[in-house]
Structures are given as structure tokens and as C-alpha cells.
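Derivation of every value follows stated rules applied to the coordinates shown; laboratory data play no part. Here the structure is a predicted model, which is why all the values come from computation and not from measurement. All Cβ positions, even for glycine, are placed from backbone atoms using ideal geometry, and neighbour counts span all protein chains on display.
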Number of protein chains: 4
Amino acid sequence: MTHGYVREDHKQALLARLKRAEGQVRGLQRMIEEERYCIDIVTQISATRAALDGVALEVLKDHVLHCVREGGAEKAAEVTDAVERLLRSR
Amino acid sequence: MTHGYVREDHKQALLARLKRAEGQVRGLQRMIEEERYCIDIVTQISATRAALDGVALEVLKDHVLHCVREGGAEKAAEVTDAVERLLRSR
Amino acid sequence: MTHGYVREDHKQALLARLKRAEGQVRGLQRMIEEERYCIDIVTQISATRAALDGVALEVLKDHVLHCVREGGAEKAAEVTDAVERLLRSR
Amino acid sequence: MTHGYVREDHKQALLARLKRAEGQVRGLQRMIEEERYCIDIVTQISATRAALDGVALEVLKDHVLHCVREGGAEKAAEVTDAVERLLRSR
């Protein structure tokens, strides 16, 4: 039931990062409403993407560390399938 | 002051997409709190990333459209379609 | 000395994919020489990128499968650092 | 027939970058043959990807430059800088 990333302090750190990402997405809505310059909006999207990638890499690291070692081929494929979805944004 | 993307209906569509992305980021927080499976979290991050990329490409398209000398909408779409293929490695 | 990805058939498959990627990069040189349309060049670069990503994911899968299970935190960090370099193309 | 990127010096520069990328892909084949460490292979793929992205952004910049109505080089650079931030999530 519990997974690798749930050491309490780590969980709080991930939640804090996602709170910030949520703030960035709300900031984007304001930028659209205020009709801000397109390039600034795309730049803010890149920053949000980078923040989410940071969370993904953190979660993935814990997963590799805690789950993969007792799983086998299937577990390994699962990890790289997840990486592929990240790489291709889909 | 106003920029390319601010046709009123378009603005509403972008805001709706960002609202959904905000919901996805909040969903991610719940997933962390509930200690959901790592791979599901990374998959949800990919989906959020894809949603944000969609907004970025839309904003970029409008930007190129309003800077483009000739060819208009078709040329602008061509550029951002190329960027999308790059972004998604396909 | 030997690593996870070196089952002979697998090695041949990876080499074949890289041969194709090499052909794609040479094709790109011809496209530049023949002054082909920019967008077609960018599209060909996306295809080459996708081919290389395919090799990276394959190698990573073998790595996770064969090396990580006996390593510890350091091994796991190594994997996600590699994924980060991929994600950020650096 | 001719396109934006074909100022002779620029063309030579792009060809030189692609030659290097071709060398990187050949290097990758050697690494597979010599059964080098997985993570080093993935790192080399990231470097090759980054090199190809550099060419894509250059070609895209020329394309946008030649389609852009006003603002010229600065506008075109702005667009491709934004695309680069997206591509590299930063």
C-alpha cells in the first residue's frame, strides 16, 4: 500500500513543489486574462514544465530505489514506459 | 497592449485548458497525499505536461501568425506543428 | 565488464537502429546541401531524435533491469540523472 | 527554390554541426560494440539529441526570420529562444 516516496519529510517537500506549480498555473491564467506578451507566457510554461519534471524525476528515483529492486523485467519496463511518456509529453 | 491570442473566444478556450491543468496539478497533490503508485504519478505528470505544451503551442502559433509576413495562418501552423513534433520526438 | 544490454541479439538490434539513425543524420546533411524546405528539415530532425530516444529507452530498461537491482541509492540517482539529461537535452 | 538558411557560411556551419552529430552516432555504435556502461551511452545520446536540437532551432530561426513581417532577426530569435526553453524544460 505505501510506496517509496512516502517518507514524511519527502512527501511534504513534493507537496510544496506541487503547490508552487499550482501557483504557476494560476499565474498563467492571470497572464492570459491580462493579455500578456506571448513569449512571456511560453517562458512561464517552460518554468512550470521544469517544476513538474523535477517532481517526476524525484518520484521516479524513489520508485527505482524502492520498488524496482524487488520486481523484475515487468517493473523495469514500467519505469521506461513512464520515462517515454514524459519524454514525449503524452 | 493587446496581443495575438486575445480573440475573446480563444482567450476563453486557453483559460479553460489552464483551469484543467490546474485541476491536474491539484490531483497530483492528492495522489502524493494518498501515497498512490509512483508510476501513476509520473503518468499524470506527463499528461499535465502535455496539456501545458498544448497551451504553449497555441500561444506560439498566434504569436507567429501575427508576425508572419505572408502565408498567414497556414505558415504559422506549419511552424508550430514542427515545434510540436520536436517537443514530442515524433 | 559486460553490462545488461549485451545479449548478442539485442546488441545487434541496437546497432541496427543506430545505423539507421546515422543514415538519418547523413540524410539531413544532404537536405541542407540541397537547400530543402526548413520545415522538412526540422521534421527529419524530430524523427532522428525519436530514433535515438528509442535506443536510450532500450538501454535504460536493460540498465534498470540488470544493474539497479543490486545497486542502491546511488544507482537509482544515476538513472534519474540520466533521464533528466535526456528530458532537458543536455 | 532557395530557402532562408542558405547563406553560404551558415550552410557550412550547419553541415559542420551535422558532421559532428554523425560522429556522435558512430561513437554510440562503438560504445554498444564495446559494451560500455549503460548510463554513459544514455548520456551520449542526450548530447547527440542536444546537438540535433541546436540545428533544428537554427533552421527554425531562419525560417521564422524569413516569414516575419516586422521586427526581423530579433523577433525570430525571440520565438526560437522560447522554443528552446520549452524543449529543454527550463
Shape call, chain A: gyration tensor on alpha carbons, a/c limit 1.5: oblate
Folded to 0 to 90 degrees: helix C:38-66 orientation relative to chain C principal axis, Cα: 10
Value at 222 nm in deg cm²/dmol, rounded to 500, when DSSP H runs of n ≥ 4 in chain A each add -39,500 (n - 2.57): -27500 deg cm²/dmol
Label spacing, shortest first and in nm, from D:GLU33 to its equivalents in the remaining copies (7 angstrom along Cα→Cβ): 2.4, 5.7, 6.2
Rounded tilt (10° steps) of C:8-33 against the dominant C-alpha axis of chain C: 30
Lys/Arg +1, Asp/Glu -1 at C-beta; the stretch A:7-65 dipole; positive extreme among A:HIS63, A:VAL25, A:TYR37: A:HIS63
Crossing angle, helix C:73-87 versus chain C [Cα axis fit, 0-90 degrees, rounded to tens]: 10
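Using the per-residue mean of other Cβ atoms lying within 10 Å as a proxy for protection, in what order, highest first, do the peptides A:36-43, C:59-66 fall? Don't skip to the answer; put the middle values down first.
Details: A:36-43: 19.1, C:59-66: 23.6.
Per-residue Cβ counts within 10 Å, averaged per peptide and sorted highest first, yield C:59-66, A:36-43.
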Ascending list, in nanometres, of distances separating the C:HIS10 label from those of the other copies (7 Å, Cα toward Cβ): 2.6, 4.5, 4.9
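Let me confirm one metric for peptide B:12-23, namely the mean number of other chain beta-carbon atoms within 10 Å of its residues' beta-carbons. Walk me through the numbers before you get to the answer.
Numbers: counts 1, 1, 6, 5, 1, 3, 10, 3, 1, 10, 8, 2.
Shielding by partners across B:12-23 averages 4.
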Calculated FRET value between B:ARG30 and A:GLU33, using beta carbons and R₀ = 35 Å, to 0.05: 0.85
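Do any GluC sites (Glu not before Pro) in the stretch A:7-76 lie in a loop, going by DSSP, with at most 12 other beta-carbon atoms within 10 Å of their beta carbon, and if so which? Mind dumping the intermediate values first?
On the way: sites: A:GLU8, A:GLU22, A:GLU33, A:GLU34, A:GLU35, A:GLU58, A:GLU70, A:GLU74; in loops: A:GLU34, A:GLU35.
Qualifying residues, ordered by number: A:GLU34.
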